[in-house]
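The values are calculated or read from the model by the stated rules, or taken from the named source; none is laboratory data. Quantities reported herein were computed from a predicted structural model and do not represent experimental measurements. Backbone-built Cβ (ideal geometry, glycine too); neighbour counts: all protein chains shown. With ligands, DNA and RNA removed, areas are computed over all heavy atoms of the protein, side chains included. Shrake-Rupley method; radii C 1.70, N 1.55, O 1.52, S 1.80 Å.
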Amino acid sequence: MIDFSLPERVKQQAQMTEMVALQVMRPKARYYDEHEHERPVEYVQFMWPVMADQQKRYLERERRKAQSAGEEKPSDDGQKEPSTYVIGLLHMVERLAWGDVAQYLCTPSGMLGGTAIEAVGTLEQKERFLSRFADAKSPPAWGAMAMTEPGAGSDTSAISTTATLDESTHEWVLNGEKIFCTNGKLALDESNGLVVVWATVDRSAGRAGMKSFVVEAGTPGVRVTKQEHKHGIRASDTVSIVFDNARIPYDNILGSPEVREKDSGSVKGFKGAMKTFDASRPVVAATAVGVARAALEITKEKLAEAGITIRYDAPPHELTAIERDVIEMEAELKASWLLTLRAGSMLDQGESNALESSMCKAKAGQASTHICQKCVEILGPLGYSREWLVEKLMRDSKIADLYEGTHEINQLIVARRILDYSSSELR
């Protein structure tokens with residue numbers, strides 16, 4: 001039997017997050033949409049201790065796993081106590097996105113950069129880089145990840161940013177440009193921020209030459225060159241970053257500098273990137289669910305005010321078109337959420353979730369876009385106007401269908417894994 005009950009700690013965290021979303025985020029959602037790039041100070045101040053505690057618990061869990069060779073702490077009945085770290089995070093993120101996904105993307109934490117370090121970093125690197133996101137007494141800190149380039153979007157093998165080892169100083173020298181870097185400015189503005197940069201150590205090796213490097217704020221040769229003006233998620237900063245002979249310590253490379261494993265010849269750099277996405281895609285799916293739920297709830301509320309109720313007990317042929325639309329949207333939303341929880345629970349259990357993470361990301365991203373557009377359609381001119389938040393939610397929803405791999409890319413990944421085809425066999 002599937003058990004969806006949550007531990008008391010996760011329930012309390014979810015309730016607290018819901019309060020933040022309702023009282024801190026939602027009232028300012030329109031303001032920050034119309035004041036693009038302005039930092040949501042109240043939200044940042046409230047969430048920094050929460051996210052620091054989340055990061056602290058993650059590091060404590062990693063230390064325990066290292067000490068006990070991966071064994072979780074036994075419960076009173078002698079059974080292994082299942083981890084709920086990711087499930088708790090997904091419940092938190094869904095509620096924050098329900099409040100305002102744009103403000104959520106300004107959350108002080110490691111964000112995607114932290115996810116990359118968690119996915120492929122050693123315990124020593126996690127301690128060194130992630131501890132800055134676990135100290136609530138220090139100023140807020142942000143992390144970011146820089147992968148997309150002007151000539152390399154979904155095709156990561158086309159990455160041209162280079163990392164060259166200077167043998168004389170034992171440093172990596174980075175050169176290149178990255179675009180559409182979420183939280184890039186926040187990460188580089190603060191002295192304790194960092195950006196995980198994907199670069200190639202060997203262009204001729206394609207994806208095999210991909211490696212990730214931690215670039216800390218204040219590194220000479222790193223500068224933000226452009227801040228994007230966007231269709232949605234306008235409070236979130238999205239920037240272009242140039243690396244001009246940026247020197248970073250040798251130990252700031254995540255994983256091995258070898259292009260291929262000596263024994264198997266597997267593509268470790270590319271696998272590290274995909275492992276990062278396996279962890280981050282369920283989080284993106286959770287944001288999509290939160291945005292769609294917000295739009296659907298507002299729509300049902302406005303319908304109720306107009307005297308229109310949804311008859312869940314009526315036979316399908318008696319339902320109105322609006323009733324059928326609402327019920328269909330609710331089903332899409334629940335399916336997306338269940339797929340997201342499935343991908344997250346697999347991460348908690350230490351299982352590979354490459355298929356499930358792409359499934360939930362593809363499903364939730366498309367469902368959120370469809371639901372928000374349909375809500376605007378149902379509400380008519382007022383849904384399209386700025387009087388209500390639904391039009392903003394429609395604009396915000398599209399990003400979940402684009403970043404962390406477009407809908408089409410994730411569908412392709414799902415097809416390859418189900419059919420057991422390689423990337424060269426199924427394009």
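How many angstrom lie between the Cα centre of the range 148-175 and the Cα centre of the range 1-38? Each part reduced to its Cα centre gives a spacing of 37 Å.
Largest first, what is the accessible-area ranking of Asp396, Asp251 with a 1.4 Å probe? Please list the in-between numbers first.
On the way: Asp396 5, Asp251 95 Å².
Descending order: Asp251, Asp396.
Sum up the charges of everything whose Cβ sits under 10 Å from the Cβ of Glu36, counting Lys and Arg as +1 and Asp and Glu as -1, but leave Glu36 out. Please report the intermediate quantities before stating the final value.
Numbers: positive: Lys230, Arg234; negative: Asp33, Glu34, Glu38, Glu228, Asp237.
Result for the local shell: -3.
Projecting the Cα atoms of Thr182, Val10, Ile310 onto the charge dipole of the chain, computed from C-beta unit charges around the Cα centre, puts Thr182 farthest toward the positive end.
If you plug the beta carbon distance of Ile322 and Ser168 into 1/(1 + (r/R0)^6) with R0 = 60 Å, you get a FRET efficiency near 0.25. With 0.36 nm allotted per residue and the present C-alpha distance subtracted, the Glu297-Arg64 stretch has 79.7 nm of extension available.
When all protein chains stay in place and ligands, DNA and RNA are ignored, the 1.4 Å accessible-area order of His231, His37, largest first, is His231, His37. Full extension of the chain segment joining Arg9 with Tyr85 gains 26.3 nm, where the gain is 0.36 nm per residue of separation less the Cα-Cα distance. Solvent-accessible surface of the range 268-419, averaged per residue with a 1.4 angstrom probe and all protein chains in place: 44 square angstrom. Bridgeable aspartates and glutamates around Lys230 (alpha carbons under 18 Å apart, same-chain partners fewer than 8 residues away excluded): Asp33, Glu34, Glu36, Glu38, Asp100, Glu149, Glu391, Asp396, Asp401, Glu404.
Where only DSSP H runs of four or more residues are counted, the chain gives -16500 deg cm²/dmol as its mean residue ellipticity at 222 nm, each run worth -39500 (n - 2.57). Strictly over 32 Å apart at the Cα level, which of Lys226/Lys275; Lys56/Lys302; Lys226/Lys334; Lys28/Lys334 would you flag in this model? Check vs 32 Å cut-off fails for Lys56/Lys302; Lys226/Lys334. Ordered by solvent-accessible area of protein heavy atoms (1.4 Å probe), largest first, the residues Met16, Met47 come out as Met16, Met47. Note on Ile418 and Glu36: their simple-model spin labels are 3.8 nm apart, each label 7 Å out from Cα toward Cβ.
Looking at the chain only, what percent of DSSP beta bridges run antiparallel? Nearest 5 please.
Numbers: 30 of 35 bridges.
Antiparallel bridges make up about 85 percent of those DSSP assigns within the chain.
Phi-derived couplings, Karplus 6.51 cos²θ - 1.76 cosθ + 1.60 at θ = phi - 60°, listed residue by residue for the range 90-102: 5, 5, 5, 5, 4, 6, 5, 5, 4, x, 4, 5, 5 Hz, with x used for Gly and Pro.
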